[in-house]
Amino acid sequence: MNQLKIGLLINPLAGLGGSVGLKGSDGVADQAISMGAVPKAQERVAVALEMLLKHNAFLSFVTAPGLMGESLLSSMGFQSVSVIALEDKDYSHIGATDASDTSLSVRQFLDHSVDLILFAGGDGTARDICSVVGESIPVLGIPAGVKIHSAVYAVNPQSAGALLLQMIEGELIGVRSADVRDIDEEAFRDGRVQARLYGEMLVPEEGRFVQMMKCGGIEKEEWVITDIAAEIVETMEDDVLYIIGSGATTKAILDELGLEGTLLGVDLVRNRELVANDVSEAQLVEYIDQADQAKLVISVIGGQGHVFGRGNQQLSPQVIRKLGKDHIQIIATKTKIKSLEGRPMLTDTGDMALDRELCGWYRITTGYQDEIVYPVSDGVTSYSVCP
């Protein structure tokens, strides 16, 4: 066994804006909480760390106070924990933290000579860490934010735990440089994607467990996307509530219908008419309960392969279970599927049991009267498809 010293940092605000349709948490945490958002970052880190408890004696942690790491490690029973000193604030309060706490924490992690920085957050958190550490030390992100464009994240919390377990057990794990990217959330909320490269960090090299960089689909695929949209519109059933997921591929369906859609939100259509724009998780549950039948049309993120858990947290485990696996229609261009290089599509709903239930082979609409079959995996149980 290898002794591993981990610097643990949790952004308690990460992901708060997702379930209520705010498309991020930067500067809107209080608003998100007032709208009913429930913090999930602690829970997602706990999933990863649970896998390491059996090797408690081979682990030591340096962490930030309160909800930034200390509280979770204490509640889980990890034995060797050093807590750094930050500002004189109540870090047990979710709204107490900001970007300066992240920067100060990782500086102290470096002073304590940790072997790896494990953090939970989104692209904003990754960007703040990158500004301090650069490529000086390996990092591994547990995806907890709304925006996960950067390539420094595990595909889900379980994968982060599995990768750390391999390191403790002495398996050979290399490192590689990975892009840190972020988008302008104000532009994001207005339906415009403005992303840029902020730097690179070193991540453990394990293709099954660390996500690839998001592919933007720069190739000229407009005709193919239009064909996909035409196929979906032509096959729409009367009186069925269609939930149209986020992204350019799905927005083309609204364009085909001549309706005003949201590029990065979730929209509802019935009988080829707009029912609601940019709905939250709570609204989705209400609409599904009132509908005789509901179906979800969703696309896949090129390069990464995620179907759920990246920028569409409105599609929560509760929503997905109400719909049922058979009422999920995945659409994607063949270029997007090819960008996965044979890797399965992935789910990261935050509910491990549901991720396993969603595994299997799916019919993917790839054009007008054109489809393929392709697998979905939970990213941990099997590299290909769950049993």
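The values are calculated or read from the model by the stated rules, or taken from the named source; none is laboratory data. Quick caveat: nothing in here was measured; it's all calculated off a predicted structure. When we count neighbours, we look across all protein chains shown, and the Cβ atoms used for this are built from the backbone with ideal geometry, even at glycine.
Could you check how many residues of the stretch 330-355 are more than 26 Å from GLY121 (Cβ to Cβ), touching a Ser or Thr at 6+ places or on another chain (Cβ under 8 Å) and surrounded by fewer than 21 Cβ atoms within 10 Å (Cβ to Cβ)?
2
Would you call ALA151 small (Gly, Ala, Ser) and modelled with pLDDT of 80 or more?
yes
Here is a check on your reading of the model: is SER280 polar (S, T, N, Q), within 24 Å of GLY121 (Cβ to Cβ) and in the same structural domain as THR366 (by TED's automatic domain parsing)?
Yes; evaluated as a whole, the condition is true for this residue.
For the condition outside any helix (DSSP H, G or I) and closer than 24 Å to ASP351 by Cβ, what is the one hit in LEU118, LEU72?
Being outside any helix (DSSP H, G or I) and closer than 24 Å to ASP351 by Cβ holds for just one of LEU118, LEU72, which is LEU118.
What tally of residues in the stretch 249-261 results from selecting those that are surrounded by fewer than 20 Cβ atoms within 10 Å (Cβ to Cβ), not in a helix (DSSP H, G or I) and not acidic (Asp, Glu)?
2
Which of (1) over 30 Å from LEU118 (Cα atoms); (2) modelled with pLDDT of 90 or more; (3) outside the structural domain of ILE364 (by TED's automatic domain parsing) is the odd one out, the single condition ARG270 does not satisfy?
Condition not satisfied by ARG270: (3).
Please specify each residue of the stretch 278-306 satisfying the condition of being in a loop (DSSP other than H, G, I, E, B) and of a type in the set (Val, Ile, Thr).
Of everything in the stretch 278-306, those that are in a loop (DSSP other than H, G, I, E, B) and of a type in the set (Val, Ile, Thr) turn out to be VAL279, VAL300, ILE301.
Looking at the structure I just gave you, is ILE129 surrounded by fewer than 24 Cβ atoms within 10 Å (Cβ to Cβ) and either more than 23 Å from GLY350 (Cα to Cα) or without any contact (Cβ under 8 Å) to a residue 40 or more places away in the chain (or both)?
Spelling it out, it is not the case that ILE129 is surrounded by fewer than 24 Cβ atoms within 10 Å (Cβ to Cβ) and either more than 23 Å from GLY350 (Cα to Cα) or without any contact (Cβ under 8 Å) to a residue 40 or more places away in the chain (or both).
Within 21 Å of ALA14 (Cβ to Cβ) and modelled with pLDDT of 90 or more - does that describe any residue in the stretch 248-264?
no
Restricting the stretch 75-109 to residues that are without any contact (Cβ under 8 Å) to a residue 40 or more places away in the chain and closer than 28 Å to GLY170 by Cβ, which is surrounded by the most Cβ atoms within 10 Å (Cβ to Cβ)?
PHE78
For the stretch 307-331, which positions are part of a loop (DSSP other than H, G, I, E, B) and over 21 Å from VAL146 (Cα atoms)?
Of everything in the stretch 307-331, just one residue is part of a loop (DSSP other than H, G, I, E, B) and over 21 Å from VAL146 (Cα atoms), namely GLY324.
Name the residue that is modelled with the lowest pLDDT, counting only residues in the stretch 282-305 that are over 14 Å from THR249 (Cα atoms) and crowded, with 23+ Cβ neighbours inside 10 Å.
GLN304
Considering each residue of the stretch 106-119, count those that are more than 23 Å from the chain's Cα centre (by Cα) and either among the β-branched types (Val, Ile, Thr) or under 20 Å from GLN42 (Cα atoms) (or both), and give that number.
2
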